[in-house]
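The values are calculated or read from the model by the stated rules, or taken from the named source; none is laboratory data. Just so it is clear, the model here is predicted, and its values are computed rather than measured. Ideal geometry is used to build each Cβ from the backbone, glycine not excepted, and the neighbour counts take in all protein chains shown. Accessible surface is based on the protein model in full, side chains and every heavy atom, while ligands, DNA and RNA are left aside. Shrake-Rupley method; radii C 1.70, N 1.55, O 1.52, S 1.80 Å.
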Amino acid sequence: MAIPTDGYVRIFDTTLRDGEQSPGATMTSAEKLEVARALSRLGVDAIEAGFPAASADDLAAVRSIAESVGVRPVEGRPSAEPPIICGLARASRPDIDRAWEAVKGAKYPRIHTFLATSELHMKHKLRMTPAEVLERVKDMVAHAKSLCDDVEFSPEDAGRSEPAFLHQVLAEAIRSGATTLNIPDTVGYTTPDEFGALIRGIRENVPGVENVIISVHCHDDLGLATANSLAGILAGARQAEVTINGIGERAGNTSLEEVVMALATRSAKFGLRTGIDATQLVRVSRLVSAATGMVVPPNKAIVGANAFAHESGIHQDGMLKHQATYEIMRPESIGLLQTRLVLGKHSGRAALAARLVELGYSFDDAALHRIFTRFKTLADRRKSVADADLEALVHDDASPQDELWALDGLQVGCGTHGMPTATVRLRGPDGNLHVQASVGTGPVDAAYKAIDALVKAPAELLEFSVRSVTEGIDALGEVTVRVRALSEREPLSPQHEVASAPVFHGHGAETDIIVASANAYLKALNRLLVARGRARPASERMAVASAPTRPAQEQRT
Ligand code: KIV
Ligand code: ZN
């Protein structure tokens, strides 16, 4: 593919692979496809769609992204070409073969293979000698190249690798056919000056490096991921591996929006550009947050709720006199103020469908019917419905066959005196209605206790957050919960036992936040039950007939 070379930084998005490795961020295949479409529309050059060797589900999800998003540009994509679709593989033949199997349907497929090069990893994790590592890199990059023209190689833990050995390994990868060398600071250990020097050292010491693209992949354990990535770019890297909202292993990855907006806002310093349509950043950030359950902290750079809020009197005074006094970017440049109050209670189904298409969503008739019904209820209560409301309704939509347990009715009694009580009526996997009343410390606690009594999926509530989608007392409330599975008589699958207890998320949006809370909790419990393999939603039973469901944290890299 002809990606511009002059002053262009490729954006390689790994939200669906490294990002999905955040505890509890597991997405369904449908959610992954929706995120991939949004990333394509955003203008990313490459999508790392998953780790196909992890499970049959992962392979199927990557394949479906390759065969749809990877074939032709989605509507609204700034480029006339679809993105590269990449699959991750350990440096082993079976992994590489599965990655190829998954991505080969894309117009621009890529295999990304990796092997650790730090002494610590080679000795204690791989139990391989440096000579064995060198040999394996040579063989496996060559094997990947025999399948796919576009091969990326990563020396895992490059940030802590001995430079001379790292250079040797990278030279071998180039000789064997690698076209991109990705340099990961796997544990987020380096500082910007060190990481910049690492990239410079590679450019100066690795034969053949002038013919390949150097990429940076920085983790955020010390909060330095963006700074390190930019230092690597200043030193000559021309691909940045990033995730939306910076989600990823442990403290996360470099956040896409930070790198893109740093390059754009400080263009005089960097003299570099990307192919990203920044006006879509807020929308994609919200989509990923809803799909993964990873709530964006209010003070998160670029996309946090407070990123453009001015609280102190001095700042407000300055802003009124001149916007540039306290803002280095315009909110509209990231799509923040583009909310258009276009729809109201007189708007019909066609107007809703047209607006959803403009916002970049795809849906079938059944989904449109469900969203329209909820839109009407909302529009009856409010004068107008904003784009952010529509987005919240779409993110919250679930087809009935994806829900094992669904809320059919909820009533609460609470106040300053007495005992907060909730009565819930759920439709169960057996198709019948089940009713339970419970008392709790508050109405949400009471509702959760009643749900627990019916669903019987032992779980610990780790996180509960409520956010107002728009302003005003009649706003939709968005609730996100994360729960940790507790063991019960029926054990988790053997793969689970080696991992820490899995975490699952759920998301709900309603004007009534108690109802939103109940829905969010049920969605998290449904995911938990599916991961336990106790019951599978009908849609997935049909989609991946004989494939075992991958538990949340199985086989991570
Ligand atoms: O952080 C890391 O080292 C990785 C590699 C697989 C690129 O994610
Ligand atoms: Zn990583």
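Can you confirm whether Val260 is more than 26 Å from Arg286 (Cβ to Cβ), assigned by TED's automatic domain parsing to the domain that holds Phe153 and either assigned to a helix (DSSP H, G or I) or away from ligand 1 (no atom under 16 Å from the Cβ) (or both)?
Against the criterion (more than 26 Å from Arg286 (Cβ to Cβ), assigned by TED's automatic domain parsing to the domain that holds Phe153 and either assigned to a helix (DSSP H, G or I) or away from ligand 1 (no atom under 16 Å from the Cβ) (or both)), Val260 does not qualify.
For Leu16, state whether it is in the same structural domain as Thr274 (by TED's automatic domain parsing) and away from ligand 2 (no atom under 15 Å from the Cβ).
It is false that Leu16 is in the same structural domain as Thr274 (by TED's automatic domain parsing) and away from ligand 2 (no atom under 15 Å from the Cβ).
Test each condition in (1) open to solvent by 60 Å² or more (accessible area, probe 1.4 Å); (2) closer than 30 Å to Leu359 by Cα for His395 and report the one that comes out false.
For His395, the failing item is (1).
Do we have Ile96 as crowded, with 20+ Cβ neighbours inside 10 Å, in contact with a Cys (Cβ under 7 Å, 6 or more places away or on another chain) and not small (Gly, Ala, Ser) here?
no
Of the residues Leu368, Leu320, Leu390, Leu343, which is of a type in the set (A, V, I, L, M), out of contact with any Lys or Arg (no Cβ under 9 Å at 6 or more places or on another chain) and not assigned by TED's automatic domain parsing to the domain that holds Ser517?
Only one candidate passes the filter, namely Leu320.
Provide a single number: the residues in the range 33-63 that are of a type outside the set (Val, Ile, Thr), assigned to a helix (DSSP H, G or I), under 22 Å from Gly293 (Cα atoms) and without any contact (Cβ under 8 Å) to a residue 60 or more places away in the chain.
Count: 4.
Looking at the range 217-254 only, could you name the residues that are under 17 Å from Phe153 (Cα atoms) and within 10 Å of ligand 2 (Cβ to nearest atom)?
Scanning the range 217-254 gives His217, Cys218, Glu241.
Of Val216, Val284, which residue is in a helix (DSSP H, G or I) and open to solvent by less than 30 Å² (accessible area, probe 1.4 Å)?
Val284
Matching residues to (1) within 16 Å of ligand 2 (Cβ to nearest atom); (2) part of a loop (DSSP other than H, G, I, E, B); (3) touching a Phe, Trp or Tyr at 6+ places or on another chain (Cβ under 6 Å); (4) open to solvent by 20 Å² or more (accessible area, probe 1.4 Å):
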residue: Val141; (1), (2), (3), (4): no, no, yes, no
residue: Gln168; (1), (2), (3), (4): no, no, no, yes
residue: Ala171; (1), (2), (3), (4): no, no, no, no
residue: Ile174; (1), (2), (3), (4): no, no, no, yes
residue: Ala178; (1), (2), (3), (4): no, yes, yes, no
residue: Pro184; (1), (2), (3), (4): yes, no, no, no
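Identify, by number, the condition in (1) more than 27 Å from the chain's Cα centre (by Cα); (2) surrounded by 13 or more Cβ atoms within 10 Å (Cβ to Cβ); (3) in contact (Cβ under 8 Å) with a residue 24 or more places away in the chain that Met329 doesn't meet.
Only one criterion in (1) more than 27 Å from the chain's Cα centre (by Cα); (2) surrounded by 13 or more Cβ atoms within 10 Å (Cβ to Cβ); (3) in contact (Cβ under 8 Å) with a residue 24 or more places away in the chain is unmet by Met329, namely (1).
Looking at Leu404, Leu454, Leu390, Leu410, which one is surrounded by 15 or more Cβ atoms within 10 Å (Cβ to Cβ) and either without any contact (Cβ under 8 Å) to a residue 40 or more places away in the chain or assigned to a strand (DSSP E or B) (or both)?
Leu410
Condition first: within 16 Å of ligand 2 (Cβ to nearest atom) and open to solvent by less than 10 Å² (accessible area, probe 1.4 Å). Now tell me which residues in the range 148-160 satisfy that.
Within the range 148-160, Glu152, Phe153, Ser154, Pro155, Asp157, Ala158 meet the criteria.
Which one of these is surrounded by fewer than 24 Cβ atoms within 10 Å (Cβ to Cβ), of a type in the set (D, E, K, R) and assigned to a loop (DSSP other than H, G, I, E, B): Asp193, Asp221?
Matching residue, one of Asp193, Asp221: Asp221.
Take the residues in the range 1-32 that are modelled with pLDDT of 90 or more, within 16 Å of ligand 1 (Cβ to nearest atom) and aliphatic (A, V, I, L, M), then tell me which one is surrounded by the most Cβ atoms within 10 Å (Cβ to Cβ).
Leu16
Output the number of residues of the range 284-300 satisfying the condition of being without any contact (Cβ under 8 Å) to a residue 60 or more places away in the chain and of a type outside the set (D, E, K, R).
Selection size over the range 284-300: 5.
Among the residues of the range 81-119, what is the count of those that are more than 16 Å from ligand 2 (Cβ to nearest atom), in a strand (DSSP E or B) and either aromatic (Phe, Trp, Tyr) or within 19 Å of the chain's Cα centre (by Cα) (or both)?
2
Inside the range 461-483, can you point out the residues that are farther than 12 Å from Ala290 by Cα and of a type in the set (Asp, Glu)?
Correct list: Glu463, Glu471, Asp474.
Please go through the range 472-487 and give me each residue that is more than 26 Å from the chain's Cα centre (by Cα) and either crowded, with 22+ Cβ neighbours inside 10 Å or not hydrophobic (A, V, I, L, M, F, W, C) (or both), ordered by number.
Gly472, Asp474, Ser487
Restricted to the range 224-257, and to residues that are open to solvent by 10 Å² or more (accessible area, probe 1.4 Å), of a type outside the set (S, T, N, Q) and away from ligand 1 (no atom under 15 Å from the Cβ), which residue is nearest to Asp6 (Cα to Cα)?
Once the filter is applied, the top-ranked residue is Arg238.
I need every pair where a residue in the range 64-88 that is within 18 Å of His112 (Cα to Cα) and within 16 Å of ligand 1 (Cβ to nearest atom) has its Cβ under 7 Å from the Cβ of a residue that is in a loop (DSSP other than H, G, I, E, B) and among the basic types (Lys, Arg), sequence separation at least 6 or different chains.
Leu88/Arg17
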